[in-house]
Structure formats: structure tokens, C-alpha cells
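S.K.: Pasting a structure below so you can have a look.
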Amino acid sequence: ESDEARRSLSSSNGALIAYLDDKIRGARGRGDRVACTALGAWLTELHLCEREAAAGASSSTSAPTTGPAKQARTMLRQHLSSYVRDMDPTTVLGILEGHGVGAGEVAGYAAAAGDVGAAVEAALSGEDEKNGALDALRVLNDSPIEKAEPHYHRHALTLLCRAPAAASRSFASRYPDGLSERRMLPAFMNYERRRAAVAAEDLAAERGSSPPPARPDRGPGSLVDDPGASMRYMEAVIRDGCRSRAVFNYLVSLYAGLGDEAPLFRFLSEHVPPASGPAGDGPAGDGVADVLLRRAAEEDACPVDRQFALRTVLRTGRHFRSAVRLYMGFGMRRHAVELALKVDPSLARGLARECDDPAEARRLWLMIARNAASNCGGAADGGDDGRDVVARVVAVLKDCGPGVMSIEDVLPFLPDFAQIDQFKDEICDALASYSSKIEGYLREMTECDRTCDALRDELGRLSAVGTRIRPDARCAYTGAEVRRSNEPFY
């Protein structure tokens with residue numbers, strides 16, 4: 001029997017595996033952690049040897065069969081999953097890595113054992129970088145946030161470089177659980193810097209310039225270029241209630257780098273409210289302290305740093321509609337109109353039309369009229385350009401509405417040779433307005449004359465009015481004698 005046992009053991013470890021499996025079950029029932037650790041490590045070695053032997057036998061035959069190799073892999077997985085809570089994870093992970101087990105299997109065991117850090121490290125150490133990053137994200141997504149958060153922060157840049165779309169979705173999905181967006185922000189900033197560096201080097205290579213220098217900051221492994229990964233993450237956390245000014249500001253800088261202004265303008269329209277009044281103004285009676293306090297409250301209520309956003313947008317040399325929106329957020333309507341006149345005169349007219357202050361509205365419309373006249377080149381030479389100047393200025397005069405400007409306000413902007421026929425209707429309207437105002441003033445003067453005459457008549461009548469009192473008359477209020485011997489009566 002001993003010879004038969006020796007032959008059986010020399011050909012396969014199946015009997016020894018079965019024997020040790022019974023022993024580890026007994027040790028687990030007794031709660032013997034030391035025996036479970038030793039037997040678990042031994043069984044892991046035996047299962048790995050069986051798997052390697054089956055894989056070698058399958059590869060040596062001309063018509064390999066995958067049955068034994070598949071059975072050995074299945075038995076290893078069953079062993080690891082059955083005793084995952086009874087074996088020492090560090091020992092088992094060392095054995096698995098020593099036998100060259102794939103990163104996915106090592107990560108799966110480490111995650112099941114509760115060692116999130118080892119699972120993520122194992123998943124990222126494989127040769128297949130993208131699938132390794134996806135395995136690491138699955139481990140982190142399935143782990144409690146208390147255990148997963150440190151490894152999110154540690155490996156965020158690696159995950160972004162290898163699988164940016166999946167990483168940004170994973171980070172955003174864990175934000176409601178408490179994953180700090182401020183601590184994730186440096187990883188996104190580094191990722192965007194590396195994207196820009198790689199794009200610049202590729203562009204230089206396409207142009208045939210000198211060979212690009214070495215990439216000291218290329219980052220871990222390969223870099224998958226996803227232009228929208230960072231923006232999608234920040235948009236998601238903002239929708240979930242993030243109010244971090246750092247996140248808002250960085251998203252503004254990313255939007256400003258796009259060629260399309262629509263995302264930036266939409267974002268600013270949603271998160272930058274218009275100022276309550278012109279810059280520096282306030283309700284009557286407000287002192288400097290009240291105005292400063294109100295401006296500070298508005299600044300705190302806006303999650304976007306408007307000064308930073310304005311500098312960023314103006315530095316790009318484009319996206320002027322967004323800059324106009326920011327000027328309105330500061331209450332600087334005049335600056336907004338000046339900028340809008342350079343890119344979209346209709347937008348400037350809309351801003352002036354929304355102004356509630358008559359004096360400011362008049363100044364804005366005069367600015368628009370001056371711009372309309374100056375944008376017509378060649379007006380000094382006469383001809384069609386001169387008529388175009390008059391048409392433009394008259395159009396502004398009509399758009400501003402009644403009571404804001406009149407024809408004499410815009411006459412300095414018209415060319416000297418302009419014919420009166422081109423704006424005779426406006427002159428007639430102005431004369432009619434003056435006539436009606438003069439008639440109103442005349443009526444007021446006539447009414448004032450009548451009032452003055454009535455007052456003079458009343459004063460003349462009161463000067464002749466007299467009254468009589470008795471010598472012993474007393475005051476009805478104080479009871480004192482009206483006429484006293486020691487003081488004059490009147």
C-alpha cells in the first residue's frame with residue numbers, strides 16, 4: 001500500500017490535496033488560525049503546481065485538450081474563494097505572484113480578502129494596462145468608501161491615463177459617498193497637462209521640426225487621450241451639489257480652451273447671476289460699508305470666481321459673449337456694451353434696452369450710435385457710405401425708444417454733407433415733441449399765474465380782517481388771561 005501511495009503521489013497531488021482539504025476544514029471548525037494559515041499556503045502551492053502541470057501537458061501534445069487545465073484553474077478558484085477568510089492574504093498573494101498568476105486573478109483574490117490596496121496594485125501591475133485599470137476600478141467601486149478612498153487618491157492619475165472615461169465615471173459615482181472632489185482635482189490637472197504636452201509634441205513631429213525632447217512628465221504607462229473626461233467629471237459633481245470654487249474655476253478654464261463657446265456661455269449663464277445694480281451703486285441712503293457688504297454677499301453666493309473667469313476668457317482672445325456675461329455679473333454694463341459692440345452690436349442694443357437707469361441708458365445708446373457711425377468707412381467722401389451712416393444712426397435712434405435720445409443728440413455723429421431728407425421724419429418728430437413740451441410748459445405757467453393771483457387776493461383780504469375780545473377773555477387751552485397788564489397783547 002505504501003508503494004501504491006508513493007506512485008499515486010508522484011503522479012498527482014490530488015490525494016494530498018484532498019487530505020489537506022479535510023485538515024483545513026477541521027482547523028477552521030476549531031478556529032485554529034495558525035493551522036489554517038499553514039495549510040492554506042500549502043494547498044495554494046499544490047493547486048498552482050497542478051495547474052502548471054496541466055498547462056504544460058496540454059501544450060506538449062499535438063492536439064492539446066483544455067479539460068485538465070480548466071479543471072485545475074477551477075479548483076484553484078474554488079480553494080481561494082472557500083478559504084478566503086481563513087488564510088493569510090499577504091502569504092497567499094506572495095505565492096500567487098511568485099507563480100506568475102495573472103493580475104486579474106490576484107486582484108480578485110485580494111479584493112475578496114478585503115485587501116483593497118493589494119487588489120488595486122495587482123490589477124495595475126499587469127501588462128494589459130487598460131484592462132488592469134478597469135479591474136482596479138471594479139475593485140474600488142465594489143469596496144466601501146472608507147477603504148477605497150485612499151487608493152482612489154493614490155492611483156487617480158494612473159487610472160485616468162489608462163482608462164479616462166471609466167475613471168471619470170467611477171470618480172463621479174463615488175462623490176455622493178464622500179469621495180473628495182478637491183483631492184481628486186490635482187489628478188485631473190496633471191492629466192490635462194500631459195494631454196497638452198503630448199499634443200504639442202505630436203504637432204511638432206507632424207511639422208517636421210527638431211526632435212521633441214524627452215518626456216519627463218509623461219506619466220505612468222501609456223496615455224489615453226480623452227478631451228472630455230475631466231469636464232464630464234466636474235459637470236457630474238456640480239450636478240450632485242458640489243460648490244467648490246476650485247472645481248468651478250478649473251471647469252471654466254477647460255471650457256475656455258474649447259473652440260466652441262456654447263458650453264462656456266451656457267455654464268456662466270447658469271452659475272453667474274447678474275449684479276443687483278451698477279458697480280459701486282446701491283439704494284439711496286446706503287453707505288460705503290453697506291455697498292461693500294452687499295458686494296461681498298453676492299461674491300459668496302456665486303460659486304465662480306468672476307475675476308478669475310474674466311481674466312481667463314479675455315486671455316483667450318475669443319469667447320467675447322462669455323466675457324460680456326461676466327461684465328454683467330460685475331454690474332459693469334458700460335464695459336459689457338463696449339465689448340459687445342466689437343462682436344455683436346445686436347447684443348449691445350439688448351443690454352442697453354435692459355437698463356433701468358435713464359441717465360445710464362442715454363449714455364449707452366449714445367455709445368451705440370457713435371459706434372454705428374464710426375463703423376461706416378469712407379463717409380467723408382460722400383456717396384452711398386454717407387447715406388449708410390445716416391441710416392445706421394437713425395436705426396439706433398428708433399431702437400432706443402421714446403424719451404431716451406432725440407435727433408439733436410446724434411447730430412454730431414452724422415456727416416456734414418448729409419441731406420435733411422434722410423432724417424426729416426426724425427426732425428419732424430423732434431419738433432412735434434418740442435412743440436408739445438412747450439405747450440405743456442405754457443399751461444403750467446398759466447396755472448402758476450392763476451395760483452399767484454389767488455394768493456395775492458387772499459393776502460389782501462386777510463390784511464383787512466379784524467376781531468374783538470372781552471377784557472377778561474381767557475385762553476381756551478391754558479386758561480390764562482389773554483390780556484395781561486404787564487405785557488403787550490399783540
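S.K.: Report the label-to-label distance for residue 270 and residue 34 in nanometres (one decimal), using points 7 Å from each Cα along the Cα→Cβ vector.
M.R.: Taking the two extended label points, one gets 6.3 nm.
S.K.: Next question, about the same structure. State the extension gain, in nm to one decimal, for the chain segment bounded by residue 165 and residue 343, taking 0.36 nm per residue of separation less the distance between their alpha-carbons.
M.R.: Difference between extended and current length: 60.5 nm.
S.K.: If I take R0 = 35 Å and measure r between the Cβ atoms of residue 480 and residue 457 in this structure, what FRET efficiency does the formula 1/(1 + (r/R0)^6) give, to the nearest 0.05? Before the final figure, lay out each step's value.
M.R.: Working: r = 36 Å, r/R0 = 1.02.
The computed FRET efficiency comes out at 0.45.
S.K.: Which length gain, in nm to one decimal place, applies between residue 15 and residue 467 when the Cα-Cα distance is subtracted from 0.36 nm times their residue separation?
M.R.: Numbers: separation 452, 0.36 × 452 = 162.72 nm, distance 14.11 nm.
Contour length minus Cα-Cα distance gives 148.6 nm.
S.K.: Which order do peptides 359-372, 445-458 fall in by mean Cβ count within 10 Å, highest first? All intermediate terms of the calculation are to be shown ahead of the outcome.
M.R.: Values: 359-372: 19.4, 445-458: 10.0.
Top of the packing list down: 359-372, 445-458.
S.K.: Probe radius 1.4 Å, ligands and nucleic acids left out: which of 127, 181, 444 has the largest accessible area, and how do the rest follow?
M.R.: On the way: 127 185, 181 30, 444 110 Å².
These residues rank, largest area first, as 127, 444, 181.
S.K.: Hey, how many Å between the Cα centroid of the stretch 313-359 and the Cα centroid of the stretch 132-196?
M.R.: 39 Å
S.K.: Could you work out how far apart the two model spin labels at residue 25 and residue 436 are, taking each label as a point 7 Å from the Cα in the direction of the beta carbon, and quote it in nm?
M.R.: About 10.4 nm, to one decimal.
The values are calculated or read from the model by the stated rules, or taken from the named source; none is laboratory data. Predicted model, so just to flag it, every value in this text is computed and none were measured. Heads up, the Cβs are rebuilt from the backbone with ideal geometry, glycines too, and the neighbour counts pull from every protein chain shown. Surface areas here come from the heavy atoms of the whole protein model, side chains and all, with no ligands, DNA or RNA. Shrake-Rupley method; radii C 1.70, N 1.55, O 1.52, S 1.80 Å.
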